[in-house]
Amino acid sequence: KFSAFIGSAEPGTKAGIEVQNLRITSSEEAGAMSGRSEVIVYPNSKHAIKSTNDMMKIYFHFDNEDYSTIFHRRKKDKLKYEDNCQYPGFRDMLLETVRDQTIIVTDPKDADVIVYSGARPDPADAGRIAEAVKNGTPLFSAGVINDPVIAALLPGKISILPNTGIPDRLRLKPVNTDDPLFIGLNSMEFGIYLNILPDQDSHVLLSYANGSPAIIENKSNKSKIIYSAIAIGADLIPGKKAYDPFLLRVLSYLSGKKIREENEAVINSINGFYAGFTEENFGRFGFTLSDGLLVESINSSLHVINGAQEYSFSSGLTPKITLSKWSITSINAKPEEPKREINHLYKYLGIGKFELLAKCIIPKDWSSKSVFFSVESGIDDIAEVYFNNMLIGRVTTNMPEYWMRPHYYAVNSSLIRFGEKNEILIKTENLRGEGGFGSCPELLAFSGTGEAWKFVPDRINCLGKGGVITEHDGSSRRFDTSLAFPGVRWEIFSDSVDIALQNIASFAAFQSGNKINIVDLSGTKNLPTDWSAPWLLLFRKGKEHPLLLVFDQKPSQIKIKHTGEAVAGISIERKGGAGMILPLWLYGTASVDSIEWNKSIPEETLARIAFWYPRAFLYPVELDEKFHIDEASGQIAIRSEYRYKKATGEWSDKNVKPYAPVSPLAFFMKGKLFESSTVKDFNLVTSFGNYAACDGSDTAEWTLPLPSPDLSVIPAISGFEKVREIVNMVFSSAVCFSAGGGAKISDWTPAFPQGTENPTIFNINMHGYLAGLNQTMGMPYLLDEENSAALKKRVRERIFEPIELYRYKSAQRWREEPMSGIRYPVFYNSYYVHTTKYAEGFGSSMNYGDQNETAHMILAVMQALADRFGQRDFVLANRNFIYHAARILLVSDDWAYMSCHCRESGLSATIDMLNCEYSSMMKLARLAEIIGDKALRAQALYRGSRRMVPTLARFYFREYAINNNLVDYPENIATCVGFTEQGMHYRTKGTLPNMLDLYDMSQGIPSDIIPLYQRFLHKAQENYFKNIVFPTLFNKEGEYSLDTTMLSIIAQDSVIESSILEKAVISLLKHEKKIKKLSSDWPGMTLVPDIAQVLYKLHGVVKIKSIKNSELKVFKYDPKLKILYIKFVPETQAELILQSRLAPADPSFKVDPLGCITITTGPVGKEQDIVIHF
């Protein structure tokens, strides 16, 4: 709060104040940051392109969010955020290859050429454009034109064709075969959405095969105008480097200014090896400063944390008290928790309210400081915090990401009993799942106001990030993180540095000559520095994580600093800079019993020190991974070659041998997936398995199994008319809805992609657009004729038109990871505000989530269209869209848990976010095969083999985590569901099974995941069903109690008695409330595939093993007559292979030993009817 006194002003006069340099912040930021030195990220210097007079000046009009600084979710709270526009999105991407020859202008009158496409009218801008065109500025317009003044300029009348389902497609042909605009024209068929009636003073440049115009031009000499019914961004001219080479040709033709055209680089293998995931990949290290590492985490204040232990570097210590011990009391939670003593890692299972109480003594010398309470990673879900019975702050459900929102609250000095016991009471409520602290609560003491630190990153890749930090006093240091090492490397440029230590040091050990000296630090002010080895071991008595400090320069002085009796830190001094200091967690994530270490350091510990400290001088910071696909052996050979940051100080070991680690999670799956004869166990526990490496070499060689896409399809089961009637009734109601919240499909239009109630949203949310399609298109054969037509109309509106008519607004945003400069689109309007601060005009405070799910949806629907709906040419005409849809999966691929994740910044690969990962790569591999891109297919298969590891490892990792004490309350763990940046994520006992646990990706069960389980798990998943799913299948009244998707999961991948499955499905279909709810929004569409799986489990004996490049119109099996009916149309390179448990009655259908029947496909485009009796 602030106020102004105006009492001295003359009565009757006006008075006011002017406030400058005011920033609106959250309450917690205004509190804690008043004392804490926040870290601000600044850009590394980049070479800027200078504009010149001969550049082509282009004005774009797109009704999209290329310049938007408003971030708006479709939510009831209508929250809007303002953030930087990182770059002008789609239009900038169109000019990516010619940025030095073109410039985007902001006024049409300044342009050499104008580009226009618009679904939503904009009369003001249309008027400016029309005036410029009338004055002679050329215009290229494409797609839908909804501004009448622009339509009046065009050389013809444009109208939108009605939606009759999947659009017709025809090949294109230039009127003049020598026209340079169309050299290399794509020979595939393009969708027809618009009708052009040319004016008399125009001529056709490009037409469809039936003669109807596709691109026209006016004949007027005053202003050149070209109109195209093919949207901007379409793959008209394949094989070029630019996203839309045809657009660049048109711009050059209209403006008279030449711009270059480059061929697309051909990616070839070198000696059979392709570049792997390490090329152009920021992994988990994007956007935020806080990262989970191999055995520790680093937060946005650059504090490094391992469990309840923490250290940080600065030019001066901030006193701190960690609050790791609490008592918990259940207030109204169900199930009720017993009152008990816990630590901050405890997760409570009950839904409801709890009270958490901690007590601590605050030192008397804190009375002159500002004291703050902090929980960096939040309290799940909501909480009020009381200090000595006074409320100091709260987080409520109307706050963004409340379940992980930081708690930073000032504690008024009048509330504190200095030198005495104080009580911190937290009244918290768990709303779902499990609750608890996201990080260890702390009390912090600041002197004065904190001034910002400057961080300039110069390294970010899949292993980590690095750069230089400069404090306000000018002191500077560098840090580098690496997932390939159990510690963070620091390089101190200043003559002194303080290391704050929380719960780390009561004793120190060092070597002098042949003797190991152990010093009690409680009463020690200065530590001897007459060491004969470059390390200092810090430890406490108990089950702890001892910290080994490795130095490359010998310190001249080390001072011990205390808070009360506890060691608060050490101060290190050396003239000319303290040099490299690498704090290394000697036992990794595991704790070790150090109760007797104050007497003698164990020999095993000394051997461990001798093993690890020299490796700190060769710190792995870059990885160059390559792979080779061996189809014959069914293996992918992988070579991981490392580059290191070498220590150069007087103490550094110049003869240290290299070592090449692999992901501990990959090594954890040795014998199941991973194989290597040279990679050995280094016997150090990490959050993802034991650290393992090839010792003595910079390259590790290893293999993973070669995956293959699942192209199977199950038939509709005939004879269950009542069931078919119910699912079609539900579908017919549900298909009218859009994407939740009761929004009708007609409410979301290209002009208002998320409804007129959200006018600031211009771009299409592909996640919402595709809701229900991924599931239904996989098994649509139970649908009646009317519903099949409705599905195809929805498919046209929700996938064909966004890609082929409104490409310029088909991505939610075009993003740039600030520290690496890597660019990519996101397709889902799901974002969160992160806490890392950037310099003004740089970076982004938004953190988009769940983009891997949307990528899977896009790829899966496109693959289904190509292989089962006869739309192979749709894929071939939109290759560039496929590359961009998959890009987020490829540029944020994690080294440790070996997949993409749920946020741009990483966070986790768990539940639905992990369930989609493997299948995404299989869909991409199949699409690449259709396109004919061998390198992309190889890349997708290799990435898929990596994603096998976390997808399968979660079925086995629970035991590893328990055996190595990685979890404090192992009795609560039901099953591992994936991996976060901190390691295993799990469901707790007592929570109901969720379709997202191990199978569903929130938009259906990826078709590849169950075949993967059945190939590799060897029934490991049966424990999940036996212990978690089956006990909750029915409620006390005997009704099926889970959702419809879980019923499909049970049918596909469990051993369940037919009678029980029949009881469940009958119960579900008779449940009027559930059927009514399903009918009230889009999820009801998915009842069709869910019930289809149940019927197939009960009565199916034959399925399609593989179908490619076909239109599958009818696919049904009659279990009474044992007859299979197929009606399909083969396209180019079609394939149809059946698999049956029964032999066909007709011996002309040949069956191989695996039960496969290859069907000979007839002429391309000719419908075939196949009837097989069994």
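Computed from the coordinates by the stated procedures, all read-outs in this text should not be read as laboratory data. As the structure is a prediction and not an experimental result, all values here were calculated from the model. Cβ: placed from backbone, ideal geometry, glycine included. Neighbour counts: every protein chain shown.
Observations
- Listed pairs 454/575; 109/809; 325/989; 427/1077 exceeding 26 Å between Cα atoms: 427/1077
- With Cα atoms defining each centre, segment 877-949 and segment 544-574 are spaced 45 Å apart in the structure.
- Set of lysines with alpha-carbon distance to residue 670 below 22 Å, sequence-local pairs under 8 removed: 626, 680, 1019
- The equivalent ellipsoid of segment 453-705 has semi-axes of 34, 22, 16 Å, largest first, where each one is the square root of 5 times an eigenvalue of the Cα gyration tensor.
- Cα-based helix-to-principal-axis angle, 123-134 vs the chain, degrees rounded to 10: 60 degrees
- For trypsin sites (Lys or Arg not before Pro), the sites in segment 243-339 that DSSP calls loop and that have at most 15 other Cβ atoms within 10 Å are 258, 260, 339.
- Taking Cα atoms only, the orientation of helix 1058-1070 departs from the longest principal axis of the chain by about 80 degrees.
- Fraction in percent of alpha-carbon pairs per bin - 5 Å, segment 994-1034: 5, 21, 24, 28, 17, 4, 0
- Taking other Cβ atoms within 10 Å as a rough exposure proxy, 1001, 56 sort from fewest to most as 56, 1001.
- Flagged links, alpha-carbon separation over 32 Å, of 359/559; 722/923; 1073/1116; 672/1036: 722/923; 672/1036
- Isotropic mean projected area of the C-alpha convex hull, the chain (nm²): 51.9 nm²
- Against the chain, whose longest principal axis is taken from its Cα atoms, helix 917-931 shows a tilt of about 40°.
- Whole-angstrom gap from segment 327-363 to segment 1123-1150, using each part's C-alpha centre: 61 Å
- In loop segments of segment 520-609 as defined by DSSP, the trypsin sites (Lys or Arg not before Pro) with at most 13 further C-beta atoms inside 10 Å of their C-beta are 525, 541, 575, 599.
- Loop trypsin sites (Lys or Arg not before Pro), segment 383-465, which have at most 12 other Cβ atoms in a 10 Å radius of their Cβ (DSSP): 417, 432
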